[in-house]
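Q: Okay, handing you the structure first.
Read-outs: derived from the displayed coordinates by stated rules, not from any lab. Note that the structure is a prediction, hence the values are computed from the model and not measured. Here the Cβ positions follow ideal geometry from the backbone for every residue, glycine too, while neighbour counts run over all protein chains shown.
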Amino acid sequence: MADPAGKATNHGYALARQLFDIRGDDLHVGGLAVREIVSRIGSPAYIYDGGGMRRAYRRLAAALDGFASIYYSVKANPARSVIRLFVEEGAGVEIASLGEYRAAIAAGAAPGRILFAGPGKRRAELEAVIEGGIGEIHIEGLDEIERIRAIGKRVHASIRINPVPDVQVGAMRMGGKATAFGFDEEDLDAAIAAVTAAPNIDLAGIHVYGGTQILDAEALIGGWRHAIDLASRVARTTGRPLRTVDLGGGLGIPYYANDKPLDLDAVAAAVPELTARMRAEPLLADARAIVEPGRFLTGEAGLYVSEINALKTSRGVRFLVLDGGMNHHLAASGNLGQVIKRNYPVVAPARMTAEPDQPATVVGPLCTPLDTLARDTGLPELRAGDLVAVLQSGAYGLTASPVNFLSHPQPAEALVEEGKIETIDRFRSMDVLPNREET
Ligand SMILES: Cc1ncc(COP(=O)(O)O)c(C=O)c1O
C-alpha cells in the first residue's frame, strides 16, 4: 500500500502499538521481547499473549454484564494452555469434535460446562461425550436425533436453528442460506416435534450461529434479538421453559487497514433491552443466554513469527521469503474463505523503530503464488535472518492451516505471560476414531 505521497504504508505498526509493548527496537509479548522468545523456542513460531487473551475475555464479560455466559469456541485455537486460560477465567467451552472434547477435558473444563455443536457428529463421538459427560449437545439434524435416541442415555440438548436470510450478519455466512448447520427456521416445528418425541432427550434450549467476523455491533445485536424470539417460539410451542439460549459467536476483530473494531460499548448498551426481551417471555424467565466466541477472545493476542530466509527483487517487486507461510498460516495468505485478498498486519518485531516505508511483498517457502502473506506493504530495510511477525494471528492460525503441504517443519507454539514461556505441544491429530462405523 502507498500513501498519497507514494510512500509505502503499513497499518500493522499502529495496531502493534495499541496491542503490545514496544521497548526500544523490540515488540514485547507477555513481558518478553519477541526476539528473545524466538531465540528460546525457535522460528517459525506462534506466540500467544496470555494477558491479551485475559483482557479480551474480561472486556467482553464486562460488556455482557451477566446477561450471557461466555463459552470459548475451541476451534479458534485448540492449544491446551489457551483453553486452560479461559477455563481459569470462568468460561465454558464450545467444541465441535471428540478431539476438541478431549482437549477441553485435558485443559480442566468441567464436562457440564462443555457444549457440543457441529454438523456430522459421528455415533462414536456422541457415545464418547455422553459417556464422559457433556453440558449440552446442539442438534443439527434429524439423523442426530436418531443417533442420540439409539444411544439411549439421557442428554440435555438444544436445537440449532439456521435463521431466515434477512437476519444474516458477518463476513462469512454460516446460516440464513442453504447450509449443513442446524434446522432451517422454516422447518422448526418439525424439529421441535422430533426432539420432543425422543424419550431420552431433554430439550434445554436453542442455538443460533449467524456468522463469523462480525464488526457491526448493530448487526450482532439484531441477530441476538432474533435468536431470543426464536427461543420464545420454541418454548411456547412445547409449553415448557428453556434453560439456555445460545446466541452464537462471531464477534470480529479488525484485520485490514480500514476495519473498525467491534463497538463493545454498543453491545453493553443493548444488554438491558436484550435482558428485558428474554424476561418478557415467562417460559424464558430462568433461561441463561450464552455466547460462544473464538476469534474475539484469541485473535488479537497471537502473532505468527518467521525468519527471512531469502530476499529477491523480481520486476521491481521486493520479495521477502520467510521460513514459513500459508502452510502455517493459511488465513493470512487470504486463502481461508476470504473473497478479497487483503494484507493482515505485519511488522518487523525486532526493528520497531525503523521506518516501515520500503515496499515489500512477504511470501512463504511454498512453490505457489498463493503463499503470499502480505502484498506491497511497507516494512523497514531488512536482511536475511531478520524476523517478520504477522499480527491478529491467535485465531484460526495453525489449526486452520495445511501444515503438511510441502513437508516443511511445523512451527513452535508458546503462550507467554508475565515473562514466562509455556511451550505448547506440536500440532497433532487427536482423532483416534475408526474411519468406519455403524450410525
Ligand atoms: C457453532 C460455532 N460456534 C462458535 C464459532 C466461533 O466463531 P467465532 O470465532 O467467529 O467467534 C463457530 C465458528 O465457526 C461455530 O461454527
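Q: Report, to one decimal in Å, the Kirkwood hydrodynamic radius for region 78-293 based on all distinct Cα pairs.
A: Hydrodynamic radius (Kirkwood, Cα pairs) of region 78-293 is 17.7 Å.
Q: Something else now. Do any trypsin sites (Lys or Arg not before Pro) in region 220-295 lie in a loop, going by DSSP, with at most 16 other beta-carbon atoms within 10 Å of their beta carbon, and if so which?
A: Arg243
Q: Oh, and also: By how many nm would the segment from Glu88 to Arg59 lengthen if fully extended, with 0.36 nm per residue of separation less the alpha-carbon distance?
A: 8.9 nm
Q: What is the distance in Å between the Cα centroid of region 191-233 and that of region 1-79?
A: Cα centroid to Cα centroid, the span is 31 Å.
Q: Sticking with this one: Using a simple spin-label model with points 7 Å from Cα along the Cα→Cβ vector, what separation in nm is obtained for Val164 and Lys7?
A: Those two pseudo-labels are separated by 5.4 nm.
Q: Let me ask something else. Charges on Cβ only, +1 for Lys and Arg, -1 for Asp and Glu, centred on the Cα centroid of region 1-117; of Asn77, Leu32, Asn10, which one is farthest towards the dipole's positive end?
A: Farthest towards the positive pole: Asn77.
Q: Still on this structure, I have one more. Take the Cα of Leu311, step 7 Å along the line toward its Cβ, and report every residue of region 371-404 whose backbone nitrogen sits under 11 Å from that point.
A: Counting backbone N atoms under 11 Å from the label point, the list is 380-386.
Q: 7 Å from Cα along Cα→Cβ at both Thr423 and Lys177: what's the point-to-point distance in nm?
A: So the label points at Thr423 and Lys177 sit 4.3 nm apart.
Q: Give a residue-ordered list of calculated ³J(HN,Hα) values for region 368-380 (Karplus: 6.51 cos²θ - 1.76 cosθ + 1.60, θ = phi - 60°; whole Hz; x for Gly, Pro).
A: Here the 3J(HN,Hα) series is 8, x, 5, 7, 10, 8, 7, 9, 6, 9, x, 9, x Hz.
Q: What distance in nm lies between label points placed 7 Å from Cα along the C-beta direction at Glu146 and Phe405?
A: Label-label distance for Glu146 and Phe405, simple model: 3.7 nm.
Q: Something else about it: I'd like to know which of Leu274, Leu311, Gln392 lies farthest towards the positive end of the charge dipole of the chain, counting +1 on Cβ of Lys and Arg and -1 on Cβ of Asp and Glu.
A: Working it through, the farthest residue towards the positive pole turns out to be Leu311.
Q: Longer than 22 Å from Cα to Cα, which of Lys75/Lys121; Lys153/Lys177; Lys260/Lys341 are they? Say none if no pair is.
A: Too far apart for the 22 Å limit: Lys153/Lys177.
Q: Mind sorting Asp286, Asp263, Asp49, Asp26 by how few other Cβ atoms lie within 10 Å of their own Cβ, fewest first?
A: So the ranking, lowest neighbour count to highest, is Asp286, Asp263, Asp26, Asp49.
Q: Given the peptides 397-404, 134-141, arrange them by the average over their residues of other C-beta atoms within 10 Å, most packed first.
A: Top of the packing list down: 134-141, 397-404.
Q: Based on Cβ point charges of +1 for Lys and Arg and -1 for Asp and Glu, what charge dipole magnitude is obtained for region 78-293 about its Cα centre, in debye rounded to the nearest 20?
A: In debye, rounded to 20, region 78-293 gives about 580.
Q: Show me 90-96, 376-382 ranked by packing, highest mean number of other Cβ atoms within 10 Å first.
A: Answer by packing, highest mean first, reads 90-96, 376-382.
Q: With the contact rule set at Cα under 8 Å and sequence spacing of 6 or more, what percent relative contact order holds for the chain?
A: RCO, the chain: 23 percent.
Q: I want the antiparallel fraction of DSSP beta bridges within region 78-293, as a percent rounded to 5.
A: 10 percent
Q: Which value, in debye to the nearest 20, gives the size of the charge dipole of the chain about its Cα centre, when Lys and Arg are +1 and Asp and Glu are -1 at the Cβ?
A: With only Lys, Arg, Asp and Glu charged at Cβ, the dipole is about 360 debye.
Q: Equivalent ellipsoid semi-axes for the chain, as square roots of 5 times the alpha carbon gyration tensor eigenvalues: give them largest first, rounded to whole Å.
A: Rounded to whole Å, the semi-axes are 41, 23, 19.
Q: Further, regarding this structure: Just to confirm a number: summing +1 for Lys and Arg and -1 for Asp and Glu over residues other than Asp21 whose beta-carbon lies under 15 angstrom from that of Asp21, what do you get?
A: -3
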